[in-house]
1. Rounded to whole Hz and in sequence order, give me ³J(HN,Hα) for segment 125-139 from the Karplus expression 6.51 cos²θ - 1.76 cosθ + 1.60, θ = phi - 60°, writing x for Gly and Pro.
2. So which lysines pass the test for Lys52, namely a Cα distance under 16 Å, with those fewer than 8 places away in the same chain ruled out?
3. Ranking request for peptides 238-244, 342-348, 429-435: highest mean number of other beta-carbon atoms within 10 Å first, then the rest in descending order.
4. Work out from phi, with θ = phi - 60° and the Karplus expression 6.51 cos²θ - 1.76 cosθ + 1.60, the ³J(HN,Hα) of each residue of segment 302-308, listed in order in whole Hz, and give x for Gly and Pro.
5. Might you report the magnitude of the Cβ-based charge dipole of segment 7-177 about its Cα centre, with Lys and Arg at +1 and Asp and Glu at -1, to the nearest 20 debye?
6. If the cut-off is a Cα-Cα distance under 20 Å, which aspartates and glutamates reach Lys173, setting aside same-chain residues fewer than 8 apart in sequence?
7. What whole-number value in Å² describes the accessible area per residue of segment 204-437 for a 1.4 Å probe?
8. Using a 1.4 Å probe on the protein heavy atoms, what percent of the accessible area of the chain belongs to carbon and sulfur?
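The values are calculated or read from the model by the stated rules, or taken from the named source; none is laboratory data. Computed from a predicted model, the values in this text were never measured in an experiment. Here the Cβ positions follow ideal geometry from the backbone for every residue, glycine too, while neighbour counts run over all protein chains shown. Surface areas here come from the heavy atoms of the whole protein model, side chains and all, with no ligands, DNA or RNA. Shrake-Rupley method; radii C 1.70, N 1.55, O 1.52, S 1.80 Å.
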Amino acid sequence: MQQDSGQNNHQTNSQPAQETANSGLTRMTGLLTRHVFHHSGTELMQTHPELKYAMLVMDIANFKSVNVFCDRKKGDEMLLYISDYLKGYWNDLTLVSHFRADTFALLRPFEDKQELIDTALALHAYVDAFPLPFKVLPSIGICIRPTPDTPANNMCDYATMALKEIKGKFYAKYNFFDERMFQDLLQEKQIENEILHALESNQLRPYIQPKVDMRTKEIIGGEALVRWIHPVQGVISPGQFIPVLEKNGLIINVDFHVWEQIFRWLGERVKVGKPVVPISINISRMHAYDNTFQEKLIGLSKMYEVPASLILLELTESAFLSDANSVYQNMVKLKEHGFTLSMDDFGTGYSTMTMLKDQPVDEVKVDKGFIDNIENENVQIILDNVIYMLRSLKKTIMVEGVESASQQKYLLERNCNFAQGFLYYKPMPITDFDALLDP
Ligand code: C2E
Ligand code: CA
Ligand code: CA
């Protein structure tokens, strides 16, 4: 085994495992580099079409703690300890690699699935036995080669996907890549491929769900909710494509497209003197990283001559926590321009009274989760206190997801009058919302 100098060891924990010139081996552990592993792995499987192959990828969730709470030397020792073990598998038909820091991979032939489980469990137990003052959490993702021509790098991606599902969960040691994950991945790729065309050809359109005053059923506002009107699949709801767009950043383009349609529509109504109500638009947390975000909203308001007071910006509760500074600063500026700020999904994260008192929020949307179980006495205690707290902080309370007359009754008895829910209206195309507003 090839031991390394202290200097190089220092690099290995945070950077890709270093490659020795032309050897295809990592300097620190002497295992194959990722690149060579992918290449040789694919070749090996092609040479042995008679064998079934599987990829195992291992990653240690809290490996950084070893460096932080012990020291880097201990971290490096641990990586060498693992690679020593993996070398035991390395032969003409089986390859092992050190990808980076705490990520290792093993490509091996097998006959039945149990062999793979046994390998994963043995590797897990071995890593677990490394003497440390605390437990580390290795997870192993396994991908059985799905088709006879799947290359090794795709198998690594699939195994990594399976791994990510269990990463950091102490009760799960390994996870197989399965058909469901494959379908999810296909769908994700399809969305990525189609979304730009969908934007250009106007397949992404805002629907609007009215907000009502439950006492009178009067429409007091609306929330813009995007729909993908797909030429083949029909109407696709945002839950299916927004998470993918948040991963690849395209949510920024989609949100802007939705906002623009809302501003244009509102501007036209204002211009001809038709009745209007304030409309909420959803702001993905990704905008916290887009420094043209404020200019875009202010620009739209000017261009379409829509007073900022007609627009509520809905930002999900957890965004106020995780990206606190940038979100906060953006929001304060937008408020100065007259926009109204709404905290969405209140009660799903970890909001506290202290946090709320510091936020420039005008409206709070109480999450549907609260009223789904409104018959439960404990839920009632919490909800009553949430209402009391929000009212004391002088926030407008908007309850989401009201579906039944009994929920309505409960809320009205507590003077909680504003709601959005299927009991009143579902999200609808803008033309239908027009018809509701027109006298
Ligand atoms: P959200 O912002 O919490 O929106 C409310 C969701 O609850 C909507 O789902 C709405 O149709 C649904 N809903 C409202 N009342 C009821 C009810 O009484 N019962 C039930 N079961 N559901 C109700 P939708 O339209 O599928 O949107 C899902 C999420 O996607 C939204 O949750 C929001 O986070 C996101 N989203 C939607 N449009 C956009 C958009 O243009 N931009 C961004 N960034 N996110 C969007
Ligand atoms: Ca919302
Ligand atoms: Ca919500």
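1. With the stated coefficients, segment 125-139 comes to 5, 5, 5, 4, 7, 5, x, 9, x, 9, 7, 9, 10, x, 10 Hz.
2. Within the straight-line cut-off, Lys52 pairs with Lys113.
3. My ranking of the peptides, most packed first, is 342-348, 238-244, 429-435.
4. With coefficients 6.51, -1.76 and 1.60, one gets 6, 4, 9, 6, 10, x, 4 Hz.
5. 580
6. Asp59, Asp102, Asp112, Glu115, Asp118, Asp128, Asp157, Glu165
7. 46
8. It is 53 percent, rounded to a whole number.
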